[in-house]
Amino acid sequence: KYFQKSFLKGGIKMKSVMIVTLWDSNNYGAYLQAFSLGNYCRKLGYNVSYLEDSKEDHKLKNQISKKLNKTVYQIKLARKFKKAKNVFKLVSHSFAVDYVLVGADEVWNVNNNYFQHLDYYLGYNLNSKKIISYAPSCNGTKKGEFLSVYSNKNFTNFNRISVRDNNTASLVYSIQGTNPKVVLDPTFLTDNYEEFIITPSINNYVFVYGYGFLKEEISEIKRFASDRNLKIISAGAFLDWTDEQICASPFEFLGLIKHSEYVFTSTFHGTVFSIIFNKIFFSFARNNSKVLEILDLFDLNKRNLSNYYNGKELDNNIDYDKVNLILKNLRKESKQFLLDSFNND
């Protein structure tokens, strides 16, 4: 299996990294950030494992909907993710490793009720002499909310701290009094996804990724697709107003974005992968601080239809030469943070 390699390479014991993140989520962004961070560490020559305790609640009751077709979709999707998760080598918190990487995703968002807020996410009770945070996010969590969950905990167990966004940097500063490094989401660490992408059997479509759209947003997407004689395809959530809802694995999801004509999304990672694959995309960012910040980071604020759509024809122009230059520099900085963290023992 992909990450389940021997600890020996050429007869020499490889150094080991345990990643503490939300690997078990049935969500494309959560899965792919865990995968990409592990993939990058593996390419650096480390033996990679994941903390097995970082699990979501996937009981059958969570898959049941009032709509039978939605329930069937969710169960099929869960099976796709279960198979994909077999690439992760899982270990207990007591497993001794050279380095621990905590993050990314929303492991510091105490308002996210889809997972347990474990002490491991703050570097406690882990068997390593060097514990590093890489790109965790608190989303919009405030200091008081954070301390109500982690009342006797702080960030002092970390040897080095990085975060994914400015909101999280502010939270760390308010508790710790230090300014952490802001780095890219791990999905940006993979330079080329071609070896992982599964190409879809369909073409000529608009791809929609999100977990809920407003009536006016749906109307705009339908108008846009109809004007161009394109199908509307969705994945990851059962959107019954789209032409086809695909139960895609994470790597099929990548293919659906890459080979689409256009992308409409309301999510952080939908925006991220649209940028990675240089797609013409439109984002319903609304008040989502994660999406707003990533758009601002790449000077793509006009892709936010929640602010900029005024009934005129949607803008098909994105200067990806400029975007890719920004990405190149930020990716270099983010990789350097990890390299420095590993090398400065």
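Just a few scattered comments:
- Sum of side-chain charges, Ser92 neighbourhood, beta-carbon under 9 Å (Lys, Arg +1; Asp, Glu -1): -2
- Three-way shape call for segment 201-240 based on the alpha-carbon gyration tensor, with the a/c threshold at 1.5: oblate
- In sequence order, calculated HN-Hα J values of segment 192-209 (Karplus, 6.51, -1.76, 1.60; Hz; x Gly/Pro): 8, 8, 4, 5, 10, 5, 9, 6, x, 8, 10, 8, 6, 9, 9, 9, 10, 9
- Choice from Ser201, Ser54, Ser274 showing the highest fluctuation, given a GNM over the chain with Cα pairs closer than 10 Å: Ser201
- Net charge contributed by nearby residues that have their C-beta within less than 12 Å of Val183 (K/R +1, D/E -1): +2
- Residue pairs, from the table Lys67/Lys89; Lys290/Lys322; Lys85/Lys258; Lys76/Lys290, whose Cα atoms sit over 26 Å apart: Lys67/Lys89; Lys76/Lys290
- Residues considered: Asn157, Asn287, Asn304. Largest GNM mean-square fluctuation over the chain, using C-alpha springs under 10 Å, is found at Asn287.
- Accessible area (Å², per residue) of the chain, counting only protein heavy atoms and a probe of 1.4 Å: 46
- Three-way shape label, segment 198-280, alpha-carbon gyration tensor, a/c 1.5: rounded
- Calculated mean residue ellipticity at 222 nm for the chain: -10500 deg cm²/dmol, from DSSP H runs with n ≥ 4 weighted as -39500 (n - 2.57), summed, divided by the residue count and rounded to 500.
- Non-local lysine pairs in segment 92-176, meaning eight or more places apart or on different chains, with alpha-carbon distances under 25 Å, amount to 4.
- Total charge dipole magnitude, segment 188-342, about the Cα centre, Cβ charges on Lys, Arg, Asp, Glu only, Debye to nearest 20: 180
- Residue among Lys231, Lys258, Lys215 with the largest mean-square fluctuation in a Gaussian network model of the chain, springs linking Cα atoms under 10 Å: Lys215
- In a DSSP loop and with at most 12 other Cβ atoms within 10 Å, the GluC sites (Glu not before Pro) in segment 264-342 are Glu313.
- Spatially, segment 80-104 and segment 258-277 are offset by 27 Å when compared through their Cα centroids.
- Surface composition of the chain: carbon plus sulfur atoms contribute 47% of the solvent-accessible area (1.4 Å probe, protein chains only, all chains present).
- Whole-angstrom gap from segment 192-224 to segment 152-179, using each part's C-alpha centre: 35
- DSSP-defined beta bridges in the chain - what % are antiparallel, rounded to 5: 10
The values are calculated or read from the model by the stated rules, or taken from the named source; none is laboratory data. Since the structure is predicted, the reported quantities are computational estimates derived from the model, not experimental observations. Here Cβ is always computed from backbone atoms with ideal geometry, including for glycine, and neighbour counts include all displayed protein chains. Note: accessible area is taken over every heavy atom of the protein model, side chains too, but ligands, DNA and RNA are not part of it. Shrake-Rupley method; radii C 1.70, N 1.55, O 1.52, S 1.80 Å.
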